[in-house]
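Visitor: Please find one structure pasted underneath; my questions will follow.
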């Protein structure tokens, strides 16, 4: 082992390397800087005609000497590989600026690659294997795979940064040569007298806003301030420069790979000329000089320059053939200057890494998700804030946020926002957080249960740009107000997300096409169909279920104990379900419910598709409507068919909303045994009926009630005088509502008789 006492690490490394079939010789060299060195003689496979010449057409020899240097912390770091000093530099996968060329052997961190094999010997062998592959491909100029795309120039480990939107820069490129100046900001670390490529580091960022290079009395294009002696920051510009067309009018294409070797302004001008950008670069720099006529600035200001090289094929991982080559150069507007560039052509220029600026496409790419329509958030509490941030980090726009409450200290136990926002309105604080992501959502700080009933307020709460609305308030009044606001003009899909059972349970409601089924329909359907014992236990728990408001409005939030990790797990899953529903929309409604085990992080999720509810106007009412779930409709039709020679019926179970003027039916109770069925009359029996109704009420967690009765007609005829009398009797005998539903072979009829009518 290389780490054992008494074994020279260089000799050990050489012995291991020589076990590779392409390593045909080598020697231990004199140490350099106190660090061991080894030379490997690598056989390079190449076509026979090249092998006969001893060198390939690309300049790679049949036998290549490669020097390995052991870093200070070997074997906690991998050996470093160096090619001969006169090795050709016009290859991709060569580290820039090395005195001796360094091949980039692996995609990623070489040390991590070295570690993954466990034993040092295996790590050495596989690195030598990567070296053999690299040399073999270099010999036949195959380090760029045309099928994969053009290999961008290696810019890894540069300390200067230019942050711009790559798509915006590429979209600025035209067939004719040119340039554009963008507003930018800079951060510079280093003394004023220090220079790039020495002890100065810079970060320049731009959002792609064009700026004219002209001097005005109140001009703020270039500014600088120093918070301390080693840091300056301010405004600057980024120049995006692209190539002239060829004399014959065709686009200028740069098909030769050039390693990054720019260190001075002279080098930059030469590189620009090689890419066809020379004229445009000179024009841009001349305009920068002109904009500083008569202007003095006490500090050096870095400016960004991005050369746009048009390649013969698209870049790897991109549909574009434009490669961006960013650089930083500094201007010094001294009093007695001859130029902004104090050292003229010797002015240092730093090649920079390109960072993609924060944008929706970037976030979508990293998240691996498609573009999605914007969201309107109703409720910016624990659940709402986290769902919003999940969406934003996936590149989804938040177009509106609504919440009337303030962020209080106890909210921070599980909120997406931080302590700096305590005492701020939750919607306003979340909006400010979103500004950093380039968003500007509308902010509503009013009472949602009231304002959703105002058409003008609705335009702000749910703008047209919102493709989806997420209600996370856990408020019954907001649910009903949202359903009332969901007119045919509202195109957005509506979602409701809530947690219950101290965060061990969660549900998501997704309304259907044209908002049918509605959230009120879906919650009733959830109560009626829930057959998961664990979910029912959590949902109907009188202390921790939906009987108490837990996440959202009300003081219940303060007393509920739930850690942030549990809430985050559940809201993350809810976010994924929302995304799935947006990416694969259906006409039906959807109920998603999840439950976590008591003593483990395991969570089970179930999904129930809910077809549209059938609606029936209730005769005798003031515009009320009966809403029947598909399951109820199918059961009524099936029983009527089973009793085709006589009328039949039973009891309807569901929910009522006086505010929405709806009676929602989601279950039926069979008629008692003492009921009478005849061809012209159905009489509902009473034997055990009340106990059955009470049992169903308890079974539903005391959420569902007896809302009336139904019976069938053998012919397509509406309510008879007998039916109206029955409705009156129901109103006199039963607590409201007491709806009578009549099922004819062709349609449904619903009627109600008020107690006042009955008394008359």
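Visitor: Residues to consider are 481, 497, 474; find the one that is assigned by TED's automatic domain parsing to the domain that holds residue 537, modelled with pLDDT of 95 or more and either over 18 Å from residue 593 (Cα atoms) or in a loop (DSSP other than H, G, I, E, B) (or both).
Guide: Within the list 481, 497, 474, the selection yields 481.
Visitor: When the residues of region 580-601 are narrowed to those that are touching a strand residue (DSSP E or B) at 6+ places or on another chain (Cβ under 8 Å) and part of a loop (DSSP other than H, G, I, E, B), which ends up modelled with the highest pLDDT?
Guide: 588
Visitor: State which residue is nearest to the chain's Cα centre (by Cα) when the search covers only region 195-237 and only residues that are surrounded by fewer than 15 Cβ atoms within 10 Å (Cβ to Cβ) and under 18 Å from residue 328 (Cα atoms).
Guide: 231
Visitor: Which one of these is free of Cβ contacts under 8 Å to residues at least 40 places away in the same chain, surrounded by fewer than 16 Cβ atoms within 10 Å (Cβ to Cβ) and within 18 Å of residue 171 (Cα to Cα): 286, 338, 273, 319?
Guide: Criteria check complete, one pass: 319.
Visitor: If we keep just the residues of region 157-194 that are over 31 Å from the mean Cα position of the chain (by Cα) and free of Cβ contacts under 8 Å to residues at least 40 places away in the same chain, which is surrounded by the fewest Cβ atoms within 10 Å (Cβ to Cβ)?
Guide: The qualifying residue surrounded by the fewest Cβ atoms within 10 Å (Cβ to Cβ) is 193.
Visitor: Moving on to the next point. How many of the residues making up region 238-252 are surrounded by fewer than 24 Cβ atoms within 10 Å (Cβ to Cβ) and either outside the structural domain of residue 291 (by TED's automatic domain parsing) or touching a helix residue (DSSP H, G or I) at 6+ places or on another chain (Cβ under 7 Å) (or both)?
Guide: Here the count works out to 1.
Visitor: Now a separate question. Looking at (1) in contact with a strand residue (DSSP E or B) (Cβ under 7 Å, 6 or more places away or on another chain); (2) surrounded by fewer than 24 Cβ atoms within 10 Å (Cβ to Cβ), can you tell me which one residue 488 breaks?
Guide: (1)
Visitor: From 102, 84, grab the single residue that is modelled with pLDDT of 90 or more and either touching a strand residue (DSSP E or B) at 6+ places or on another chain (Cβ under 9 Å) or farther than 29 Å from residue 255 by Cα (or both).
Guide: Sole residue among the options that is modelled with pLDDT of 90 or more and either touching a strand residue (DSSP E or B) at 6+ places or on another chain (Cβ under 9 Å) or farther than 29 Å from residue 255 by Cα (or both): 84.
Visitor: Which count do you get for residues in region 685-722 that are in a loop (DSSP other than H, G, I, E, B) and on the phi > 0 side of the Ramachandran plot?
Guide: 3
Visitor: Of the conditions (1) in contact with a helix residue (DSSP H, G or I) (Cβ under 9 Å, 6 or more places away or on another chain); (2) modelled with pLDDT of 95 or more, residue 110 fails just one. Which one is it?
Guide: Failing condition for residue 110: (2).
Visitor: Taking the criterion of being free of Cβ contacts under 8 Å to residues at least 60 places away in the same chain and closer than 30 Å to residue 349 by Cβ, would at least one residue in region 8-31 satisfy it?
Guide: Checked region 8-31: no residue is free of Cβ contacts under 8 Å to residues at least 60 places away in the same chain and closer than 30 Å to residue 349 by Cβ.
Visitor: Among (1) touching a helix residue (DSSP H, G or I) at 6+ places or on another chain (Cβ under 9 Å); (2) crowded, with 18+ Cβ neighbours inside 10 Å; (3) not in a loop (DSSP other than H, G, I, E, B), where does residue 410 come up short?
Guide: (2)
Visitor: Run residue 698 past the list (1) within 30 Å of residue 449 (Cα to Cα); (2) surrounded by 15 or more Cβ atoms within 10 Å (Cβ to Cβ) and report the number of the one that doesn't hold.
Guide: Of the numbered conditions (1) within 30 Å of residue 449 (Cα to Cα); (2) surrounded by 15 or more Cβ atoms within 10 Å (Cβ to Cβ), the odd one out for residue 698 is (2).
Visitor: What tally of residues in region 502-517 results from selecting those that are assigned to a loop (DSSP other than H, G, I, E, B), modelled with pLDDT under 95 and surrounded by 23 or more Cβ atoms within 10 Å (Cβ to Cβ)?
Guide: 1
Visitor: Oh, and also: Specify the residue that is surrounded by the fewest Cβ atoms within 10 Å (Cβ to Cβ); the eligible residues are those in region 418-429 that are under 21 Å from the mean Cα position of the chain (by Cα) and part of a helix (DSSP H, G or I).
Guide: Here the answer is 429.
Visitor: Let me confirm something: among 122, 113, 74, which residue is outside the structural domain of residue 197 (by TED's automatic domain parsing), buried (at least 18 other Cβ atoms within 10 Å of the Cβ) and closer than 23 Å to residue 9 by Cβ?
Guide: On inspection, the qualifying residue turns out to be 74.
Visitor: Since residue 432 meets every condition but one in (1) touching a residue at least 24 places away in the same chain (Cβ under 8 Å); (2) surrounded by fewer than 17 Cβ atoms within 10 Å (Cβ to Cβ); (3) in a helix (DSSP H, G or I), which condition does it not meet?
Guide: Residue 432 satisfies every listed condition except (1).
Visitor: Okay, next question. Evaluate region 389-407: report whether one residue or more is in the same structural domain as residue 457 (by TED's automatic domain parsing), more than 17 Å from the chain's Cα centre (by Cα), within 30 Å of residue 449 (Cα to Cα) and surrounded by fewer than 19 Cβ atoms within 10 Å (Cβ to Cβ).
Guide: yes
Visitor: Within region 66-77, identify whether any single residue is assigned to a loop (DSSP other than H, G, I, E, B), in contact (Cβ under 8 Å) with a residue 24 or more places away in the chain, more than 30 Å from residue 159 (Cα to Cα) and within 47 Å of the chain's Cα centre (by Cα), and answer yes or no.
Guide: Checked region 66-77: no residue is assigned to a loop (DSSP other than H, G, I, E, B), in contact (Cβ under 8 Å) with a residue 24 or more places away in the chain, more than 30 Å from residue 159 (Cα to Cα) and within 47 Å of the chain's Cα centre (by Cα).
Visitor: For residues that are within 23 Å of residue 666 (Cβ to Cβ) and touching a residue at least 24 places away in the same chain (Cβ under 8 Å), tally how many sit in region 714-734.
Guide: Count: 3.
The values are calculated or read from the model by the stated rules, or taken from the named source; none is laboratory data. Model, not experiment: these values are computed from the prediction. A quick note on method: Cβ atoms are made from the backbone with ideal geometry, for glycine too, and the neighbour counts reach across all protein chains shown.
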